[in-house]
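Down below is the structure, laid out as C-alpha cells.
The values are calculated or read from the model by the stated rules, or taken from the named source; none is laboratory data. All of these numbers come straight from a predicted model, not from anything done at the bench. Counting neighbours? That spans all protein chains shown, and the Cβs are built from the backbone with ideal geometry, glycine included.
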Amino acid sequence: MNEQLAFLKTVKPFDVLPDDVLLGVVDLLQEVKYTKDTALYHQEVTKMRGVDLIVKGEYEAFFYDSEQNKRVVELHHAGYCYGGVSVLLNRKRSLRSVIAKKGTVVYFLHRKDFKALCQAYEEFFQFFTNEFGKRMLNDEYAHFVKKPTAFEANYIASDQLYSRKIESLEYRDLVTCSAGTPIFEAARLMAEQRISCLFVRDDKGEILGYITDITLRDNVVAKQVDPQGAVSRIMDNPIMSISTQAFVYEAILLMFRTKTRYLLIEDKGQYLGFISRNKLLSEQAQSPFVFIQSVKLAQSVDELKRKWEKVPEIVYQLLDRGVKPEIVNQVITTVSDTIALKVIEGVIDEMGPPPAKFVFMVLGSEGRKEQTLATDQDNAIIYEDKANEQRELVREYFLRFAEQVSERLDHVGFSYCTGGYMAKNSKWTHSLSHWKRNYTSWMQEPDPDTVMKFSAFFDCRHIYGEAAIMDDLRDFLDQELQKMLGRFLYHMANNALQYEPPLTFFKNIRTFTKGKHEVFNIKKAMTPIVDLVRVYALKNRIFKLNTGERLEALRDKGVFTEGEYHELMQSYYYLMSMRLKKQAAQIIHDKSEPENYIDIRSLTKIEQVTLKEIFKTIANFQTSIKFKFTNSLLG
C-alpha cells in the first residue's frame, strides 16, 4: 500500500489530496495489465467507466479524422491520469481514441469515486477544467472536439470491437450457491452481494445454471412457487462460456444466437468470472450489435422488413472500414436468424404450442453462416417420431406452421427458394426417422440429383427448437460416414468439379455479355471452394458448418498444409468481400435487386490480377481433388 500511496503522490491532481484521503483511494484502485497493444477507447463512442492512472507503459491518444488518419497524437506515460476531462465535460464519452501499448499497467478508479473526489476538493476538480481550457487553445484539437468526425449516423462503433479480445475486458467475479439452496436464501444472497446474477453449482463445483432478478420474477413470483424450494427447480439455462482469447464481437454474436444474457469467461478449463450482454452492448453504442438488439425488439413483420432493408448499409460500412468479410457474414446471418426467430415465435403464439418437439433448420449458405444480401429461403423441419394415431395431426400442424413462416419471411425480404428447399414443401418437413432414411438413401444411391440434396442438407444448422434432435441426426450421420462410401464420395467429388473457374486457355478471366456489360458470376466462381472443402470435411467426418471453420479443422488434421489453408482462406474471403460489397452498392446506390454478376471493366488492374491468381489456385485444387477422389486426371 505504501508503494501505491507513493505513486499517487506523483500523479496530478491526486498530489493535492490529503494523505488520509489518498489512503482511502488506494483501497479503491484496480490494477489492469495489457499484454499486447489494445484499442481501449474510441472518440465520442466509448462510455468512460472511470479514469486510468498510468503506472507503467504508454497510452497513445489521438483523434481519427474522416479518412481514419490519426490526428493530434499524444503519448502519455507513467504518472498521467486519462479520462477526467471526458467524464466531467464530455457526457462521460471518451474525447479521444486511445491505444494502450504492450506492457502497460494502469490503476483504474471508478467514475463514482472519481466524481466524489471532484465534489469534495475544488482544486482537484479545477485541474481538469483548466487542462481542458488549455487544450482548446490548440486550433486542431478544438476542431475535433467541436466537430467530431467519427461515425455520424454510422453503425460502426470502432475498430476495437473487431480486434479487442475478451481478456482485455473487466469481468465480474462469480458468486455461486449450491443446487439445494432455498430460493429465498439465494435471493437474500443476491441482495447482500448486490448482484443481478447468481450461479448455481452441484456438489462437484460444476456450474449448472443461474438465476437473475428476472428469473425470480418469472419463475417464482409469477408462478407462485414456494420460496422454500430448491433453487435448482427455478434456475435458468443454458450455461454458455467463452475463452479469454475470443474476440468481443464473437461473445456478442454467441449471446444473440443462444439467447443467453450472461457468459462465463473461461481460461484453460477454469472459470474466471462472467460478463453480461447489457455490459457489452453498453460499450458499443453505435455498433451493428445494438442494431441486432433493436431487431429483437421489433413488434411486427412490417417492422422486421424495415430492419432488413437497413442491413445493406451496415454491410457496406463494415466492408468499407476493412472489417473481415467472415465477420460481415456473421453479422448478416445473426440479423437473419434474429428475424427468423421473431417470425417463428410469432406464428407459434398464433397457432398455439406445437404438438411435438421439433427443429427448424436452415440450409445452404445460411446453414454455413455465409449468407449474402442476394438471399432466399432454404429451410426444413424435423419433428420427433410420434405414435401412428398422432402422425397426421403432427404433420398437418407443421406444414401449416411452415407455410405461415415462409409467407412472412417472403414479406420481410427473404424470397421463396426457386429449387423448393423450404419447410412449406412437404418433401422437407418430416419426422426424425424419415430424415435418417433420407440421408441413408442419398448416400447409398448417389447420382447428381441426390448429391445436390445431400450437399444442401449437410450444410444445415438448427435455429429454433430442440437441439437434441439435430444432435441425434448428426450422430447418426457420423456413424453412416464410417461405412464404405467410395461411390458416394466419388459423386460428391464430381459435383465439386462441375463449376470451373472462369479462366480462358490463355489464363484471362472468361466473361459473357449481360446487357451492355461483360460479366462473370462470382457466386459460381466461389462454389468450387465450398464444394471441395465440403468433400474433404465429409471424408474426415468434420461437422463444422462454416467453410472457414472446415478449412481450419482440415488444416489441424493435416489434410491441408498451412500454405494450402491460407491460399484457400484468402481466395474464398477475397471473393466474398467483393461479392458482398457489389450487392450492397447495388441496393444502396442503384436501388436495384442484388445479384452475383461482376462487370470485369469495373475492376482495377490489381483486382483483375488478384482474381486471376485466385482462379488459378482453385483450378489447382480441383486437379488435386480429381486425382484423390476420382483417380482420373483426365476426367
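Worth pointing out:
- Residue match in region 608-627 (condition: hydroxyl-bearing (S, T, Y) and over 27 Å from H491 (Cα atoms)): yes
- Against the test of being buried (at least 21 other Cβ atoms within 10 Å of the Cβ), more than 24 Å from E564 (Cα to Cα) and at pLDDT below 90, the options M484, M443, M452 yield a single qualifying residue, M443.
- Scanning region 299-316 for residues that are surrounded by fewer than 18 Cβ atoms within 10 Å (Cβ to Cβ) and more than 17 Å from D410 (Cβ to Cβ) returns Q299, K310, E313.
- N438 at pLDDT 90 or above and more than 31 Å from the chain's Cα centre (by Cα): yes
- Hits in region 175-197 (condition: assigned to a strand (DSSP E or B) and touching an Asp or Glu at 6+ places or on another chain (Cβ under 8 Å)): C177, S178
- Note on region 89-120: among residues that are within 30 Å of the chain's Cα centre (by Cα) and at pLDDT below 90, the one that is nearest to D65 (Cα to Cα) is R93.
- Search result, residues across region 451-498 that are under 18 Å from R257 (Cα atoms) and assigned to a loop (DSSP other than H, G, I, E, B): D459, C460, E466
- Some residue of region 235-253 being more than 16 Å from L198 (Cβ to Cβ), of a type in the set (D, E, K, R), modelled with pLDDT under 85 and touching a helix residue (DSSP H, G or I) at 6+ places or on another chain (Cβ under 9 Å): yes
- Cβ-Cβ distances below 7 Å connect the following pairs, each with a first residue in region 428-456 that is within 11 Å of F476 (Cβ to Cβ) and in the same structural domain as M361 (by TED's automatic domain parsing), a second residue that is of a type in the set (A, V, I, L, M, F, W, C) and part of a strand (DSSP E or B), and a separation of six or more residues or different chains: L432/I382; W435/I382.
- Residue match in region 364-382 (condition: over 30 Å from Y597 (Cα atoms), touching a residue at least 40 places away in the same chain (Cβ under 8 Å) and crowded, with 18+ Cβ neighbours inside 10 Å): yes
- Spans of strands (runs of 3 or more DSSP E) in region 198-314 with at least 3 residues of a type in the set (A, V, I, L, M) and either touching a Pro at 6+ places or on another chain (Cβ under 6 Å) or in contact (Cβ under 8 Å) with a residue 12 or more places away in the chain (or both): 207-212, 262-267
- Any hit, region 75-87, residues being under 18 Å from V145 (Cα atoms), among the hydroxyl-bearing types (S, T, Y) and in contact with a helix residue (DSSP H, G or I) (Cβ under 6 Å, 6 or more places away or on another chain): no
- The set of residues from region 560-573 being within 25 Å of G486 (Cβ to Cβ) and surrounded by 18 or more Cβ atoms within 10 Å (Cβ to Cβ) comprises F560, L568.
- Residue check, I344 touching a residue at least 12 places away in the same chain (Cβ under 8 Å), surrounded by fewer than 18 Cβ atoms within 10 Å (Cβ to Cβ) and assigned by TED's automatic domain parsing to the domain that holds D376: no
- Filtered by the rule that a residue be free of Cβ contacts under 8 Å to residues at least 60 places away in the same chain, surrounded by 15 or more Cβ atoms within 10 Å (Cβ to Cβ) and of a type in the set (S, T, Y), region 91-147 gives a lone residue, S94.
- Entry remark, region 487-523: residues being among the basic types (K, R) and either crowded, with 19+ Cβ neighbours inside 10 Å or closer than 14 Å to L611 by Cα (or both) number 3 in total.
- Residue count, region 315-349 (criterion: outside any helix (DSSP H, G or I) and among the hydrophobic types (A, V, I, L, M, F, W, C)): 1
- Taken together, the criteria place K424 among residues that are among the basic types (K, R), without any contact (Cβ under 8 Å) to a residue 60 or more places away in the chain and not in a helix (DSSP H, G or I).
- Some residue of region 557-578 being under 20 Å from K324 (Cβ atoms) and in contact with a strand residue (DSSP E or B) (Cβ under 8 Å, 6 or more places away or on another chain): yes
- Among residues of region 197-220, those that are surrounded by 18 or more Cβ atoms within 10 Å (Cβ to Cβ), among the β-branched types (V, I, T) and within 19 Å of G273 (Cα to Cα), counted: 3
- Verdict on N508 being at pLDDT below 85, in contact with a helix residue (DSSP H, G or I) (Cβ under 9 Å, 6 or more places away or on another chain) and not aromatic (F, W, Y): yes
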